[in-house]
Amino acid sequence: MQTNRIYNFNAGPAALPESVLEEIRESFLNFDGSGMSITEISHRSKWFDDVINDAVARTKRLLKLDERFRVLFIQGGASMQFCMIPMNFLADGQSADYADTGTWSSKAIQEAQLQNKPVKVVASSKDKNYSYIPKEIEFSADARYVHLTSNNTIKGTQWAGFPDTGSVPLVLDMSSDIMSRPIDSDKIGLIYAGAQKNIGPAGVCMVIVRDDMLETIPDNIPSMLKYTTYTAKNSMYNTPPCFSIYTVQLVLKWLEETVGGLEKMEAINQKKSDLLYNFFDSSDFYQGTAELSSRSKMNVTFRLPDEELEKTFVALAMQEGLGGLKGHRSVGGCRASIYNATTITGVETLVDFMKSFESQNG
Ligand SMILES: *Cc1c(COP(=O)(O)O)cnc(C)c1O
């Protein structure tokens, strides 16, 4: 690692694999022999076609998606999906089930309600400040879809596995854990993920949609908000965010060729989160905020004995080259986001720092 780079625990935009950043630097002035930067080439060129097609192919291989799935790149972030999903899938008379497991789920619910779409909140962990993932949920047999936030970035909880929804397709917000582990695509109707947490820079949202979901989309939706506009044109109805998609492609290549796939990535992520959680469990000074069985392997949220100490902790850590440890502004406390690109060495360095901070302040 270059000496002037920090260990980056930011929640998003977040750390990218250093080799990917270097590859971007190498190719930045002259992309693939074109004599132009990736930020200068036409999205209608063969160069960019190769980039987007490779990104799609790698996504399908990594997630083991069959031919029914389409991979799209859409702007507007994960937040725009909150409105597009009910707009596209809830025609007259149809309703959807939502689980409310934190800030992002609540926003997804609100955006459906704003459109007067009937949504049923079938589970919520609001009673305990969203510190757990609800269990034994009763889903509606006639729901059009079930919406879950796979990983709750702010509260530090994660669905360890997805519940049985019968024949109702799952719609998953995987913004902060896509590509962190293998998934069972059998139940999936749609996955969306803002790239800036785990797979790239800000500016693009990856959307994976099963083709039968596209059959009932109403005609009277504005083109830019309609999934079929993107499926018909390989995400290039208008100018796509070329640079963001290119970076995503490089991250996916890194996942396949350097990491060796999602089983390997999951094992590394398990090791990183174990390092932190096992340490909390041996300490009276640091307290994890999520219930044990709901702990996130991506966003590790914790508290120190008081807020003054938390401030000092975050500031001192930064001086030691450990950045981004402040909790989300809405909840306070501390958070270490340990996405795919954060290294085991980085997490070990953090745990060492936490031990020495405890011995000086505990
Ligand atoms: C960050 C985040 C969002 C919002 O993403 P934007 O791309 O900023 O709209 C939505 N859901 C989850 C789970 C997130 O972590």
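The values are calculated or read from the model by the stated rules, or taken from the named source; none is laboratory data. Since we're looking at a predicted model, the values are computed, not measured. As a convention, Cβ positions derive from the backbone with ideal geometry for all residues, glycine included, and neighbour counts pool all protein chains shown. Note: accessible area is taken over every heavy atom of the protein model, side chains too, but ligands, DNA and RNA are not part of it. Shrake-Rupley method; radii C 1.70, N 1.55, O 1.52, S 1.80 Å.
Values computed for the structure shown
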quantity: Cα gyration tensor shape of the stretch 66-201, rounded if a/c is under 1.5, else prolate or oblate by comparing a/b with b/c; calculated: rounded
quantity: Rounded, prolate or oblate (a/c below 1.5 giving rounded, otherwise prolate when a/b exceeds b/c) for the stretch 306-362 by Cα gyration tensor; calculated: oblate
quantity: Cα convex hull of the stretch 1-110 - mean projected area over all directions, nm²; calculated: 11.0
quantity: Cα-Cα over 23 Å, subset of Lys135/Lys271; Lys107/Lys197; Lys120/Lys197; Lys120/Lys326; Lys107/Lys155; Lys60/Lys117; calculated: Lys135/Lys271; Lys120/Lys197; Lys120/Lys326; Lys60/Lys117
quantity: Normalised contact order of the stretch 217-305, rounded percent, pairs of Cα under 8 Å and 6 or more residues apart; calculated: 16
quantity: Accessible heavy-atom area order of Glu310, Glu257, highest first, probe of 1.4 Å; calculated: Glu257, Glu310
quantity: Share of Cα-Cα pairs in the chain lying beyond 34 Å, as whole percent; calculated: 28
quantity: Cα-Cα pairs of the stretch 192-314 separated by more than 19 Å (percent); calculated: 67
quantity: The chain - accessible surface per residue (Å², probe 1.4 Å); calculated: 43
quantity: Point-to-point label distance, Thr39-Glu257, nm (Cα→Cβ direction, 7 Å offset); calculated: 2.4
quantity: Segment Asn116-Asn30, length gained on full extension (0.36 nm per residue, minus Cα span); calculated: 26.0 nm
quantity: Placed amide H near His147: partners under 5 Å, 5+ positions off or other chain; calculated: Asp97, Tyr98, Ala99, Val171
quantity: Rounded if a/c under 1.5, otherwise prolate or oblate - the stretch 262-361, Cα gyration tensor axes; calculated: prolate
quantity: Considering only the chain, percent of DSSP beta bridges that pair antiparallel, nearest 5; calculated: 55
